[in-house]
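Down below is the structure, laid out as structure tokens.
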Amino acid sequence: MKKQFLALFTFTVILYACSSDDSGESGGQTNHFPLTSNNTWEYDVVGQLPGTDNLNVGNDVVIGGQTYKQMLTTAEPFGFYSSLLRNNGLRNDGSSTLFTGNLDVNLGFDLPIDLSVTDFTILKTNASTNEVLGTFTGTFSENIEGTPITVSYTLKATALESLATYTTPNPQNETYSDVKKVKMSLMMSISTTQTIPGTTISLQIPILTNQEVVAATQYYAKNIGMVYNNTVISYNLAVDPSELGLPIPQSATQTSEEFLSSYTVN
């Protein structure tokens with residue numbers, strides 16, 4: 001993703017999947033995310049960094065004995081969704097689309113996290129409304145501008161409603177049939193431990209109370225793929241960051257949208 005805004009954190013989650021062997025075209029296909037090599041989707045990105053993203057299905061790649069399709073872009077993406085999938089692996093297993101690779105959410109500072117996980121489900125076509133498709137949680141410590149911090153997070157994908165028809169927002173207003181709606185979210189809390197000057201007493205101070213800092217909602221149309229994504233990245237700190245020597249705004253919000261403009265599906 002081209003450098004994005006929000007001076008809080010660059011949050012990099014590295015997801016590697018390992019499971020049993022698979023056969024066929026990367027585990028078969030769901031109707032809502034066709035994963036045949038050379039399938040392509042072009043997205044118009046609207047937001048602070050507008051542009052056009054070209055996402056395509058590459059060749060097979062084997063990770064941990066499992067076969068995935070490598071997702072590629074023709075250039076560094078502008079949008080959240082193409083950035084999420086770029087150079088990562090996807091496979092369809094029955095009704096589910098499973099993800100493994102690097103999740104990059106740019107919020108300002110470099111805080112790398114390595115997670116060893118099994119396939120993260122980003123889409124399940126027969127899921128019930130509000131069914132949790134996948135969840136990852138973790139905690140790590142870092143030092144930002146001399147301030148020690150502890151970050152706790154939960155990454156989650158949730159199936160929302162199934163829609164007989166869906167019309168994308170302005171300015172496109174394109175209508176699709178048989179659409180699955182999915183939400184990906186990142187909950188995060190941040191705290192620091194400070195020692196009272198002249199004493200040995202330490203206090204834990206909340207910097208960011210537990211809140212949703214990333215909310216991305218995708219709409220998948222039957223026999224097409226993802227047709228619209230809306231991403232909101234926001235935060236509101238619990239303290240004045242200048243008091244802790246942190247060069248971060250008290251709060252920030254940014255919204256971006258990705259509209260499918262053309263596609264080729266085999």
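The values are calculated or read from the model by the stated rules, or taken from the named source; none is laboratory data. Worth saying up front: this structure is predicted, and the values here are computed from it rather than measured. Glycine gets a Cβ as well: all are built from the backbone with ideal geometry, and neighbour counts include every protein chain shown. We work out accessible area using only protein heavy atoms, side chains counted, and drop any ligands, DNA or RNA first. Shrake-Rupley method; radii C 1.70, N 1.55, O 1.52, S 1.80 Å.
So what are the ³J(HN,Hα) numbers for the stretch 199-213, from phi and the Karplus equation (6.51, -1.76, 1.60; θ = phi - 60°), rounded to whole Hz, Gly and Pro as x?
9, 9, 7, 10, 10, 8, 10, x, 9, 10, 5, 4, 7, 7, 9
With a cap of 15 neighbouring Cβ atoms within 10 Å, and only residues DSSP puts in a loop, list the GluC sites (Glu not before Pro) found in the stretch 152-253.
Numbers: sites: E161, E174, E212, E243; in loops: E174.
Taking the stretch 152-253 and a limit of 15 other Cβ atoms within 10 Å, the loop GluC sites (Glu not before Pro) found are E174.
Per residue, how much accessible area does the stretch 89-245 have with a 1.4 Å probe, in Å²? The partial results should precede the final answer.
Working: 6800 Å² over 157 residues.
Averaged over the residues of the stretch 89-245, the accessible area is 43 Å².
I want to check the label-to-label distance for L203 and K222. Put each point 7 Å from Cα in the C-beta direction and report it in nm to one decimal.
6.0 nm
Just to be sure I understand the model, the point goes 7 Å from the Cα along the line to the Cβ. What's the resulting T264 to E145 distance in nm?
The modelled label-to-label distance comes out at 4.8 nm.
Report, in listed order, any pair from K124/K181; K69/K183; K69/K180; K180/K222; K69/K181 with a Cα-Cα distance greater than 19 Å.
Numbers: K124/K181 10 Å; K69/K183 22 Å; K69/K180 21 Å; K180/K222 8 Å; K69/K181 22 Å.
In this structure, K69/K183; K69/K180; K69/K181 exceed 19 Å between Cα atoms.
Go from 0 up to the bin containing the longest alpha carbon distance in the stretch 65-215, width 10 Å each, and give me the % of pairs per bin.
9, 29, 33, 18, 8, 3, 0
Using the Karplus curve 6.51 cos²θ - 1.76 cosθ + 1.60 with θ = phi - 60°, what ³J(HN,Hα) values do you get for each residue of the stretch 164-169, in whole Hz, with x for Gly and Pro?
Result, ordered by residue: 4, 9, 9, 10, 5, x Hz.
Could you give the length gained by full extension between T255 and S191, i.e. 0.36 nm per residue of separation minus their alpha carbon distance, to one decimal place?
Working: separation 64, 0.36 × 64 = 23.04 nm, distance 2.58 nm.
Gain on stretching T255 to S191: 20.5 nm.
Give me the percent of the accessible area of the stretch 132-224 that comes from carbon and sulfur atoms, probe 1.4 Å, all protein chains in place. Don't skip to the end; give the middle numbers.
Values: 2170 of 4460 Å².
Carbon with sulfur: 49 percent of the solvent-accessible area.
Expressed in whole Å with the largest first, what are the equivalent ellipsoid semi-axes of the stretch 190-266 derived from the C-alpha gyration tensor as the square root of 5 times each eigenvalue? Please list the in-between numbers first.
Details: eigenvalues 379, 29, 13 Å².
Largest first, the stretch 190-266 gives 44, 12, 8 Å.
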